[in-house]
Structures are given as structure tokens and as C-alpha cells.
Number of protein chains: 2
Amino acid sequence: MKRNKKERQSLLIETIQDNPFITDEDLAEKFSVSVQTIRLDRLELSIPELRERIKHVAEKNFEDEVKSLPIDEVIGEMIDIQLDSTAISIFDVKEEHVFKRNKIARGHHLFAQANSLAVAVINDELALTAKANIHFTRSVKQGERVIAKARVISIENDRTKVEVISSVNNECVFKGEFDMFRSHSPEQ
Amino acid sequence: MKRNKKERQSLLIETIQDNPFITDEDLAEKFSVSVQTIRLDRLELSIPELRERIKHVAEKNFEDEVKSLPIDEVIGEMIDIQLDSTAISIFDVKEEHVFKRNKIARGHHLFAQANSLAVAVINDELALTAKANIHFTRSVKQGERVIAKARVISIENDRTKVEVISSVNNECVFKGEFDMFRSHSPEQ
DNA sequence: CAGTAATTAAGACTAGGTACTAATAGTAGT
DNA sequence: ACTACTATTAGTACCTAGTCTTAATTACTG
């Protein structure tokens, strides 16, 4: 159990990282050293005390909450919409959207942006995707900004066809044709 | 500033709700009452102390983080996989996956499950979706468990076709054919 | 074996509380 | 006017999970 200082300290960092809720007392027990040693370690490594750590996690959460609510409705940020006609949204590809290995955006995020835009453009309280035919024409990398444009191409009874073209720097990266189902026909 | 008890208490709830990081002392000042009054109020309303509140917020965050990490890799839980052959994942539709109005799962989540399964089944470090043809055959409601089964139907050079069928209680809800691109052909 | 590094201990103090007891102020009922 | 009751305030002891400081002990190394 007893390791040298360096080993203990690097383990300490790991331990606290994947469980910030652990007290000095628990850490002391875990590493079979005194509480004071743990405190010296934290001092050297400038790891804040339990309560401060918890506070940081909570603060991050609090910020995220505000951020993740709109994401639940439309993936990407809606910047223009004409119901039953056209809509535009932008989506910035960040770390959490890409494969770790190659920083290429995972397909379902591009799909999600396009699909939610297709849903949003329809002037109905209930719009569902029935079919979709999609092409990923170029891979999108982390840091790129995807602009999706939706265009309603036909409305027939309860079916609406929407075409979505997403591009980065005017280069098409995704193209999809969505066959949408709506509960009510428009203007009735 | 001085309101009656009821008014103060309902304001207290609101205040703490949109800023859980406020101390009793600050609250006392805000409502021009003593710290003890605030503590009695919290007791009556069963609002926990600052540190407990912060901890709850942090814990919620921490759960989410753990939850969202695997989500980043495969949407749904992988329960079986034979590389370049078949794979199965399950996905429980929860509150955060549905439209608020009608509790129907948003299409992109079903797509994400299927798409990430199609990526996973391919025995290559780089697999990207090139094209997909998908059908949402039945709407999925909150609380339902979607079982997605992927089957590799052809491998040709750098292209692999994967069929994914997702079902709830043995009833097909989603069907997709994914045309996947891989960086290396298998077994070379 | 001395000298330094690492560890442990002990004591005083802090924030932000809980739990409990007690005093005071204000108001309504009879 | 007296009583009953509610609301508010005050004060004390105690708690957790620390900080900061001083000091003693132990371990390792040249």
C-alpha cells in the first residue's frame, strides 16, 4: 500500500479526478498515510479542498444547464425560419461531437441538426420523421461551423418533404431528404 | 422590504432555486430578517443547507458526465458484438429524448443509436457514414426500450453496407441501411 | 552520523451550518 | 386587561471539513 511520495501524489490526482467527493480522511485511509500528509500533498499539487471541488463541479453544472436546455429543442442554433418554407441553423462542432481518434464529427450530430431543423420548419404541433435519405458528402472536423438550410419541397395531405443541405464554408457536407409526417394539414 | 411570512417563504424558494449558492446570511440581509428566521424558514420548507444544495447540483452534474461519456461512444448500451458481422444495443427512451408535447422520441436519437451501432460493428479504426436510407416505421414513446440489431450485409473494398433494425417488443420501429466508409479493408 | 526530506501531531481558528432553549414582540379572542 | 398563540430574534453548544502554524518524529542518503 505504501508508495513513495511521487507515486502517491499522482495517484491522488487521479483519485480526486474521478471522485471529487472524497474527503481527506478517506484519502488518508486509502493511501495509509495521515490526514496531514494528504493535506500537504494537496497543497503541493494545489488541489482545493473538498467543498471547493464540489462547488466547482456544481458551478459547471449550473452553467451547462442553461446551455443544454435549448439544445433539447433544436440541435444547433436557429437563425432564421419561415414556417412551411425555409429554415437555417448553425452548429459549431466541438470536442464532444467528434471521434477522439481523428476529430471527425460523428454522423448522428449532423443528422440531428438536419432532422431537428426539418421538424422545426413544419408549421404543426406534431411533426415526425417517417423516412429519410441522407448523404454525408464530406467529413466535418472539430472547430468547423455547419450551416444547415432546410427547404420544404412539397406538402401533400399529412406528408411534407423537406430537403436539408448542410455546408461548411459553402462546401456541401451533408444532404438529406426528409419525409415528414404531420398531424394536421396546413391552413384547414 | 418586510413582507409577511408566507410571502417571504415563497420568495425564498424562488431565490434559492435560481441561485443555490446563496448563504443564510445573505438571505437574511436580502429579506431584512435575522439569520435564525431564514433557518426556521428553511426548516419549515425542508430546504437543505447551502453545502447540501451545492452537493446535489454537483452530483447531478457528475452523473450526467458519466452518462454522457459512453453516449459519446455508442448511443445506447452495447450488449453483443461480432465484428464485421452483427451487433446489438439497447436504448431506453427517457424524458430527455422525447418531445415534451407528446412524449414521442425524437428521430435523431433512434438514428444515433442505429448509426453508432453501424460504426461500432465495423472492424476498423476509422468508420464513417457515407449514405443512409432510413425509415421510422412506428413512433417510440417515453419509457420504451429500443433494441437495435445491426447486420453487415456486404463488404467491398472500402465500403460496407450495414442494415440496422430497431424494435420495441419485437415490433419494428426503425429500419436503416447504412453505407459505411472504412479506411482499411479488413484482413489485410 | 549528520543533514535534509517526508511525515505526523497538536493547537488555534474558520465557514456555514444543526439542534436546542429561551426571551421578546405583536396580534387576536374572550 | 389577560391569555394564547405566532413570529421573530438571540444565544449556546456542537459538527464537518477544512486552513495555517509550529513542532516533533521518522526515513533516507551522502
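The values are calculated or read from the model by the stated rules, or taken from the named source; none is laboratory data. Since the structure is predicted, the reported quantities are computational estimates derived from the model, not experimental observations. Neighbour counts run over all protein chains shown; Cβ positions are idealised from the backbone, glycine included.
Considering only residues that are more than 14 Å from chain A (Cβ to nearest Cβ) and either away from DNA strand D (no atom under 16 Å from the Cβ) or modelled with pLDDT under 90 (or both), which ones fall in segment B:47-77? If you could, list the steps in order and put the result at the bottom.
So the first thing to find is which residues in segment B:47-77 are more than 14 Å from chain A (Cβ to nearest Cβ), and the list is B:47, B:77.
Hit for segment B:47-77 is B:Glu77, nothing else.
Checking B:Asn123 against (1) in contact with a strand residue (DSSP E or B) (Cβ under 8 Å, 6 or more places away or on another chain); (2) more than 18 Å from B:His109 (Cα to Cα): exactly one of these is not met. Which one?
(1)
Would you confirm whether any residue within segment A:19-40 is within 22 Å of B:Arg53 (Cα to Cα) and of a type in the set (Val, Ile, Thr)?
There is at least one residue in segment A:19-40 that is within 22 Å of B:Arg53 (Cα to Cα) and of a type in the set (Val, Ile, Thr).
Yes/no matrix, rows are residues, columns are (1) under 22 Å from A:Ile104 (Cβ atoms); (2) in the same structural domain as B:Phe111 (by TED's automatic domain parsing); (3) surrounded by fewer than 18 Cβ atoms within 10 Å (Cβ to Cβ):
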residue	(1), (2), (3)
B:Thr129	yes, yes, no
B:Arg138	no, yes, yes
B:Ile153	no, yes, yes
B:Arg159	yes, yes, yes
B:Ser166	no, yes, no
B:Lys175	no, yes, yes
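Applying the selection to segment B:45-58, what residues are in a helix (DSSP H, G or I) and small (Gly, Ala, Ser)? Steps first, please.
So in segment B:45-58, the residues in a helix (DSSP H, G or I) come out as B:50-58.
Scanning segment B:45-58 gives a single hit, B:Ala58.
Show the residue pairs that are 6+ apart or on different chains and have beta-carbon atoms under 6 Å apart, the first residue being within segment A:121-143 and farther than 22 Å from A:Asp80 by Cα, the second being part of a loop (DSSP other than H, G, I, E, B).
Matching pairs, first to second residue: A:Val140/A:Val93; A:Lys141/A:Lys103; A:Gln142/A:Val93; A:Gln142/A:Lys103.
Just to be sure I understand the filter: pairs with C-beta atoms under 8 Å, separated by 6 or more residues or on different chains, first member in segment A:22-36 and within 14 Å of another protein chain (Cβ to nearest Cβ) and in contact (Cβ under 8 Å) with a residue 24 or more places away in the chain, second member near DNA strand D (Cβ under 8 Å from one of its atoms) and of a type outside the set (Phe, Trp, Tyr). Which pairs pass?
Filtered contacts from segment A:22-36: A:Ile22/A:Leu50; A:Thr23/A:Leu50.
Restricting to segment A:4-44, and then to whatever is outside any helix (DSSP H, G or I) and within 11 Å of DNA strand D (Cβ to nearest atom), can you tell me which residue is surrounded by the most Cβ atoms within 10 Å (Cβ to Cβ)? Write out each step before concluding.
Initially, segment A:4-44 is screened for residues outside any helix (DSSP H, G or I), giving A:4, A:19-23, A:32-34.
Add one more test, that the residue is within 11 Å of DNA strand D (Cβ to nearest atom), and what stays is A:4, A:20-23, A:34.
Values: A:Asn4: 7, A:Pro20: 18, A:Phe21: 14, A:Ile22: 16, A:Thr23: 13, A:Ser34: 11.
So the residue we want is A:Pro20.
Of the conditions (1) closer than 27 Å to B:Asp124 by Cα; (2) over 22 Å from the mean Cα position of the chain (by Cα), A:Leu110 clears all except one; give me its number.
Going through the list (1) closer than 27 Å to B:Asp124 by Cα; (2) over 22 Å from the mean Cα position of the chain (by Cα), A:Leu110 breaks only (2).
Can you name every residue in segment A:85-141 that is among the polar types (S, T, N, Q) and either in contact with a Gly (Cβ under 8 Å, 6 or more places away or on another chain) or at pLDDT 90 or above (or both)? Lay out the reasoning, then the answer.
Kept after step one, since they are among the polar types (S, T, N, Q), are these residues of segment A:85-141: A:85-86, A:89, A:102, A:113, A:115-116, A:123, A:129, A:133, A:137, A:139.
Residues satisfying the conditions are A:Ser85, A:Thr86, A:Ser89, A:Gln113, A:Asn115, A:Ser116, A:Thr129, A:Asn133, A:Thr137, A:Ser139.
So, in segment B:30-54, how many residues would count as being out of contact with any helix residue (DSSP H, G or I) (no Cβ under 9 Å at 6 or more places or on another chain) and away from DNA strand C (no atom under 12 Å from the Cβ)?
Residues of segment B:30-54 that are out of contact with any helix residue (DSSP H, G or I) (no Cβ under 9 Å at 6 or more places or on another chain), as a first pass: B:32, B:40, B:43, B:46, B:52.
Subsequent filtering for residues that are away from DNA strand C (no atom under 12 Å from the Cβ) retains B:32.
Matching residues across segment B:30-54 total 1.
Give segment A:2-26 a look and list any residue that's within 11 Å of DNA strand C (Cβ to nearest atom) and aliphatic (A, V, I, L, M), or say none. Working first, answer last.
If we filter segment A:2-26 for residues that are within 11 Å of DNA strand C (Cβ to nearest atom), which is where we start, we get A:2-9, A:12.
Once the filter is applied, which keeps residues that are within 11 Å of DNA strand C (Cβ to nearest atom) and aliphatic (A, V, I, L, M), segment A:2-26 yields only A:Leu12.
Just to confirm my filter: which strands (runs of 3 or more DSSP E) fall fully inside segment B:78-179 and include at least 3 residues that are within 14 Å of chain A (Cβ to nearest Cβ) and farther than 26 Å from A:Lys100 by Cβ?
Working: elements: B:86-92, B:127-136, B:145-156, B:159-168.
Result: B:127-136.
With the requirement that a residue be touching a Lys or Arg at 6+ places or on another chain (Cβ under 8 Å) and among the β-branched types (Val, Ile, Thr), what does segment B:122-151 give you?
Scanning segment B:122-151 gives B:Ile122, B:Ile134, B:Thr137.
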